[in-house]
Amino acid sequence: MPVSDESRLVAVVLAGPAALDAIRAAWSAGEAVAVVDPAAPAATVAARLEALRPEFVVDHDGRTRRADALPVPAGTAAVVATSGTTAEPKLVVHTHASLEASARAVSSVLAAGPDDVWLACVPLSSIAGLAIVARAEVGGQDVVALRRFETGAVAAAAGSASRRPATLVSLVPTMLRRLLSDAPDAPARFRRILLGGGPVPDGLLAEGRAAGAAVTTTYGQTETGGGCVHDGRPLPGVEVRVDGPPGATGEILVRGAVVTPGFLRDPEATRSRLSPGGWWHTRDAGQLDADGRLTVVDRLDDLVITGGVNVSPTAVEAALATHPDVADVMVTGRPDPEWGERVVAYVVPRDPSNEPTLAALREHGRAAGLGAAELPREVVVVRSVPRTPNGKPIRRLTGG
């Protein structure tokens, strides 16, 4: 990926193979890319382009120049939007150096070689998808890019009928769950599955491995170039610490060449997250055990503080999701005059005519091991839970 002094930003409003070709063409020309999901609402695409102010836009109509372009910092390889689960998406800058550092670290732990083939079935507009392209560029692997995740297409890409079957893939938990349901033989065909993008239920991990899948759990952010911790261990060249006493829960901090230099045209937000010592404040809560293995608890901004107790909504969701009458669930906090905040469960019933009651969910949660503070104090029945393309709940949309 050659570096250009021109700092031209190209917005790629395409998906799948067309997006892959456009990214490679831009990088070959020394340009920076920002991939925008073409399936997003037109207003969302327009707002993203207005925020990016790229010099060129590449879409199904070809390549056009924008008159209102603004430059990006020299050495920029990509600008990637965060998922926006707790706040409006931020535009994260990655340099050629940061993407290359991430690509080399991941490739080394996977022992990826020229015979490997990456499957990109996560959106190329996300860091998870873009990082796959960077890894292949650095490591010399082929990439198979899908326009969207479909279990049949994923199974086919890893199947013996493919000219060169895919050997490496990044998935989010909902994708692995669907594969195990719809194409149970497919996960075992990959040499390695990187599983990230959110909390991984223990049951899902056990089910995948029981089906013969070689699964590595990953933790990272858009700002860290994607997964920078594999199975709780930082990648080579990555430092991780938790802000607080040993063994306590605190904010996860990351340092290394994989970390972003900051947010696009937002120095104040960058200063609030990137310390002078190079530590990136993730705003995630976690714990480091005595052996240095990281456990991620939740987003700090998502924690519900009720009666002075920090409650992880993800842990509550995992317990309530096992109730037989619950099809989907999202947990947030709402202001409460007595408790400060109360735990609220937004529930999609499996059968709309048989909505689970608050009492039933509290009883189920208690049986599943939730503490008194973790039990929901309110249930809101909804038709669907707002989620990102990677399956993360968008808690900010509840207004809670």
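The values are calculated or read from the model by the stated rules, or taken from the named source; none is laboratory data. Model, not experiment: these values are computed from the prediction. Cβ atoms come from the backbone with ideal geometry, glycine included; neighbour counts cover every protein chain shown.
If you go through the range 244-261 and pick out every residue that is over 23 Å from I132 (Cβ atoms), in contact with a strand residue (DSSP E or B) (Cβ under 6 Å, 6 or more places away or on another chain) and in contact (Cβ under 8 Å) with a residue 24 or more places away in the chain, you end up with 6.
Under the condition of being in contact with a Pro (Cβ under 6 Å, 6 or more places away or on another chain) and among the aliphatic types (A, V, I, L, M), the residues counted in the range 119-152 number 1.
Against the list (1) outside any helix (DSSP H, G or I); (2) surrounded by fewer than 19 Cβ atoms within 10 Å (Cβ to Cβ); (3) touching a residue at least 24 places away in the same chain (Cβ under 8 Å), the condition G220 fails is (2).
Per-residue answers, yes or no, for (1) crowded, with 19+ Cβ neighbours inside 10 Å; (2) within 13 Å of L9 (Cα to Cα); (3) assigned by TED's automatic domain parsing to the domain that holds A269:
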site: V58; (1), (2), (3): yes, yes, yes
site: R63; (1), (2), (3): no, yes, yes
site: P71; (1), (2), (3): no, yes, yes
site: A103; (1), (2), (3): yes, no, yes
site: V106; (1), (2), (3): yes, no, yes
site: I127; (1), (2), (3): yes, no, yes
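The set of residues in the range 262-301 that are in contact with a Ser or Thr (Cβ under 6 Å, 6 or more places away or on another chain) and assigned to a loop (DSSP other than H, G, I, E, B) contains only D301.
Determine which member of the set R164, R147, R177 is over 23 Å from V93 (Cβ atoms), touching a strand residue (DSSP E or B) at 6+ places or on another chain (Cβ under 6 Å) and surrounded by fewer than 18 Cβ atoms within 10 Å (Cβ to Cβ). Let's see the steps before the verdict.
Working: R147 fails: touching a strand residue (DSSP E or B) at 6+ places or on another chain (Cβ under 6 Å); R177 fails: touching a strand residue (DSSP E or B) at 6+ places or on another chain (Cβ under 6 Å).
Just one listed residue meets the conditions, R164.
Scanning the range 342-360 for residues that are within 25 Å of the chain's Cα centre (by Cα) and among the hydroxyl-bearing types (S, T, Y) yields one hit, Y346. Checked against (1) in a helix (DSSP H, G or I); (2) out of contact with any strand residue (DSSP E or B) (no Cβ under 7 Å at 6 or more places or on another chain); (3) farther than 21 Å from L14 by Cβ, G113 passes all but a single condition, namely (1).
Taking the condition closer than 23 Å to I305 by Cβ and modelled with pLDDT of 95 or more, does V326 pass? Taking the combined requirement at face value, the residue does not satisfy it. Only a single item in (1) within 20 Å of the chain's Cα centre (by Cα); (2) modelled with pLDDT under 95 is not met by D231, and it is number (2).
Within the range 290-325, being surrounded by fewer than 20 Cβ atoms within 10 Å (Cβ to Cβ) and more than 30 Å from L235 (Cβ to Cβ) holds for I305, G307, G308, V309, A321, T322, P324, D325.
Is at least one residue of the range 334-343 at pLDDT 95 or above, not in a strand (DSSP E or B) and not assigned by TED's automatic domain parsing to the domain that holds P173? The answer is no; no qualifying residue exists. When the test is whether a residue is surrounded by fewer than 21 Cβ atoms within 10 Å (Cβ to Cβ) and not small (G, A, S), V122 does not pass it. Of the residues making up the range 353-376, those that are in a loop (DSSP other than H, G, I, E, B) and either closer than 21 Å to L303 by Cα or outside the structural domain of H323 (by TED's automatic domain parsing) (or both) are A368, G369, L370, G371, L375, P376.
For the range 35-50, the set of residues classified as more than 21 Å from the chain's Cα centre (by Cα) and either surrounded by fewer than 17 Cβ atoms within 10 Å (Cβ to Cβ) or among the acidic types (D, E) (or both) consists of A42, A43, A46, A47, E50, listed by residue number. For the range 58-103, the set of residues classified as of a type in the set (D, E, K, R) and either under 26 Å from H230 (Cβ atoms) or part of a strand (DSSP E or B) (or both) consists of D59, R63, R65, K90, E100, listed by residue number.
For the range 145-154, check the following and say yes or no: at least one residue is in a strand (DSSP E or B), at pLDDT 95 or above and either not assigned by TED's automatic domain parsing to the domain that holds A213 or not basic (K, R) (or both). Working first, answer last.
So the first thing to find is which residues in the range 145-154 are in a strand (DSSP E or B), and the list is 145.
Filter again for at pLDDT 95 or above, leaving 145.
Adding the requirement that they be either not assigned by TED's automatic domain parsing to the domain that holds A213 or not basic (K, R) (or both) leaves 145.
Yes: one or more hits.
If I ask for residues that are assigned to a strand (DSSP E or B) and more than 13 Å from V344 (Cα to Cα), which ones from the range 377-396 would you list? Steps first, answer last, please.
So in the range 377-396, the residues assigned to a strand (DSSP E or B) come out as 378-381, 387, 393.
Within the range 377-396, R387, P393 qualify.
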